[in-house]
Amino acid sequence: MNILTRWARHLWLDAADARRLLGTDGLQRLEQAVRGSEARHMGELRLCIEAGLHAPALWRGASSRERAVALFSQLRVWDTEHNNGVLIYLLLAERRIEILADRGLHACTGPAVWQGISDQLSAALQAGRYEDGLSEAIQAVSNLLRQHFPLTSAPNRNELPDAVVLI
């Protein structure tokens, strides 16, 4: 994609586009899916949908991966007690998906696991099944967290907000 096309795609979209894509009810169902997931394991999950990058990021030539890493920090996904936070990031302007896991969970899985979840989500998005695809990705991450960080007798406090982040 050339530079002008990239800039146009990013600057044309905003958070309202992401909100319209899923609708209020869909966003609430996704938040419930995150909340329900976190009730079944000791991990934390954040879902972030960004319509397009802002001009300074575009000027720097930032990639979706760089932006996901920055949001992983800004949203404090890295700051969980068991180092097992996961960020599912979707950049609408480029139709890019990044799934980042903190070191506690990443050490238990390989990159192929995350690529597989990303590929399934990508197929759903290409078919226009945004909410279903995101729900399936949440479920896949939840299964990994239940496997590697099952509930224990320790309190399972909610360390991060469950709401979908729209940017």
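The values are calculated or read from the model by the stated rules, or taken from the named source; none is laboratory data. Computed from a predicted structure; not experimentally measured. All Cβ positions, even for glycine, are placed from backbone atoms using ideal geometry, and neighbour counts span all protein chains on display. Calculation scope for accessible area: heavy atoms of the full protein, side chains included, ligands and nucleic acids excluded. Shrake-Rupley method; radii C 1.70, N 1.55, O 1.52, S 1.80 Å.
Out of (1) modelled with pLDDT of 95 or more; (2) assigned to a helix (DSSP H, G or I); (3) among the small types (G, A, S); (4) surrounded by 22 or more Cβ atoms within 10 Å (Cβ to Cβ), what's the single condition that is false for G52? Among (1) modelled with pLDDT of 95 or more; (2) assigned to a helix (DSSP H, G or I); (3) among the small types (G, A, S); (4) surrounded by 22 or more Cβ atoms within 10 Å (Cβ to Cβ), the lone unmet condition for G52 is (2).
Looking across the stretch 1-34, the residues that are at pLDDT 95 or above and open to solvent by 40 Å² or more (accessible area, probe 1.4 Å) come down to T24, D25, Q28, R29, E31, Q32.
Remark: pairs (first residue in the stretch 99-119, in a helix (DSSP H, G or I); second residue open to solvent by 60 Å² or more (accessible area, probe 1.4 Å) and not small (G, A, S); Cβ separation under 7 Å; 6+ apart in sequence or on different chains) = G104/H82.
Cβ-Cβ contacts under 6 Å between residues 6 or more apart (or on different chains), taken from a first residue in the stretch 135-157 that is open to solvent by less than 40 Å² (accessible area, probe 1.4 Å) to a second residue that is among the small types (G, A, S) and not in a helix (DSSP H, G or I), are listed as L145/G43; F149/G43. Which one of these is open to solvent by 40 Å² or more (accessible area, probe 1.4 Å), farther than 13 Å from I49 by Cβ, over 12 Å from the mean Cα position of the chain (by Cα) and acidic (D, E): D102, D119? Answer to the check: D119.
Filtering the stretch 89-98 to residues that are part of a helix (DSSP H, G or I) and of a type outside the set (G, A, S) leaves L92, E94. A163 fulfils the conditions (1) within 12 Å of the chain's Cα centre (by Cα); (2) free of Cβ contacts under 8 Å to residues at least 60 places away in the same chain except for a single criterion, (2).
Run down S64, S73, S37 and say which single residue is surrounded by 14 or more Cβ atoms within 10 Å (Cβ to Cβ), under 17 Å from E98 (Cβ atoms) and polar (S, T, N, Q). Only one candidate passes the filter, namely S64. Scanning the stretch 118-167 for residues that are more than 20 Å from F72 (Cα to Cα) and either of a type in the set (K, R) or touching a Pro at 6+ places or on another chain (Cβ under 8 Å) (or both) yields a total of 2. Put simply, of V77, V86, V164 the only residue that is at pLDDT 95 or above, under 19 Å from M42 (Cβ atoms) and touching a helix residue (DSSP H, G or I) at 6+ places or on another chain (Cβ under 6 Å) is V86.
The requirement of being part of a strand (DSSP E or B) and farther than 15 Å from D132 by Cβ is not satisfied by R9.
Filter the stretch 23-49 down to the residues that are part of a helix (DSSP H, G or I) and basic (K, R), then identify the one that is nearest to F149 (Cα to Cα). Let's see the steps before the verdict.
Taking the stretch 23-49 and keeping what is part of a helix (DSSP H, G or I), we get 23-38.
Next, from what is left, pick out any that are basic (K, R): 29, 35.
Working: R29: 24, R35: 16 Å.
The selected residue is R35.
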